[in-house]
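What follows is a single structure, written as structure tokens, with notes after it.
Laboratory data are not the source of any read-out in this text; all were calculated from the coordinates shown. In this text, all values refer to a predicted model and were calculated from it rather than measured experimentally. Note that each Cβ is placed from the backbone with ideal geometry, even for glycine, and that neighbours are counted across all protein chains shown.
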Amino acid sequence: MYGVVVPVKPPAIAKSRLAALGDDVRRELCAAFAVDTVAAVVECRLVGEVLVVTDDVGLATVLADLGVVVIPDGVSGDLNGSLGLGAAELHRRHPELRLAAVFADLPALRPDELERALLAAADDRMSFVADASGTGTTTVVAPTIELFRPLFGRGSRQAHLDAGAHEILVDAVGLQQDVDTPDDLETVLRLGAGPRTSFVATRALR
């Protein structure tokens with residue numbers, strides 16, 4: 001079983017490349033992405049606990065209603081630091097769980113996709129799932145807290161490979177398709193986005 005950390009950047013400052021849709025829509029979409037992603041993670045059969053790291057109080061309340069633990073981001077601005085903070089807290093609460101981190105902008109994620117990825121993770125080192133572009137990373141998985149060393153940032157797929165991490169190659173398009181641009185949004189809508197994202201996007205794009 002796994003404990004999963006989900007870092008959520010406050011919608012007020014997230015996803016600047018969606019600004020062309022209007023600032024209110026951008027904010028609503030960012031919140032919707034997080035809700036749909038976290039809901040899918042919670043429903044995965046291999047996930048025993050979900051911990052969200054965010055400084056957005058309003059969104060924290062919404063996400064807590066999904067049954068997850070929410071803690072403030074004590075190292076805001078440093079994604080890898082935020083993930084380390086969340087992983088340490090998860091390990092403190094549930095030392096028996098393996099660890100994973102999933103980005104909060106995967107609104108087409110399905111619980112069974114995450115399950116397949118977790119089952120394919122290595123037992124002796126960190127593993128990761130690359131994003132749809134093949135250059136970034138959406139998910140990292142580690143069997144122990146000591147091996148949980150995410151290297152998110154520009155070119156993170158190569159950074160993880162260089163660090164010796166195992167690349168998970170499974171049929172999990174929703175786990176790979178993050179949303180940074182309006183084109184990405186159209187892609188996840190075609191794939192079948194979660195209900196919150198679908199509602200906001202349909203209202204905004206009609």
* List, in order, the whole-Hz ³J(HN,Hα) value for each residue of the range 36-51 obtained from phi through the Karplus relation with A = 6.51, B = -1.76, C = 1.60 and θ = phi - 60°; use x for Gly and Pro. => 5, 5, 4, 4, 5, 4, 4, 7, 5, 5, 9, 9, x, 7, 10, 10
* Given 37 °C and 0.692 mPa s, how large is the Stokes-Einstein diffusion coefficient of the range 60-103 in µm²/s, with Rh as the Kirkwood radius over Cα pairs? -> 288 µm²/s
* Asked: Separation of the range 54-104 and the range 145-191 by C-alpha centroid, Å?
  -> 18 Å
* Structure fact -> For the range 105-154 (alpha-carbon point model, no solvent) the Debye-based log₁₀ I(q)/I(0) at q = 0.23, 0.29 Å⁻¹ works out to -0.95, -1.21
* Structure fact -> All alpha-carbon distances of the range 88-171, grouped into 5 Å bins from 0, give the whole-percent distribution 3, 16, 27, 26, 19, 9, 1
* Structure fact -> Per the range 1-104, sqrt(5λ) over the Cα gyration tensor eigenvalues, sorted largest first, in Å, gives 24, 15, 11
* To do: Please grab the % of Cα pairs in the range 45-123 that end up more than 14 Å from each other.
  => 67 percent
* **Structure-based [θ]222 nm, the chain - -39500 (n - 2.57) summed over DSSP H runs of at least 4, per residue, nearest 500** => -12500 deg cm²/dmol
* Structure fact -> Given (i) 30, 21, 14; (ii) 25, 18, 16; (iii) 28, 23, 15 as possible values of semi-axes √(5λ) of the Cα gyration tensor in Å, the one from the coordinates is (ii)
* To do: Scan the chain and hand back the longest stretch that contains none of the GluC sites (Glu not before Pro) lying in DSSP loops with at most 10 other Cβ atoms within 10 Å.
  => 1-95
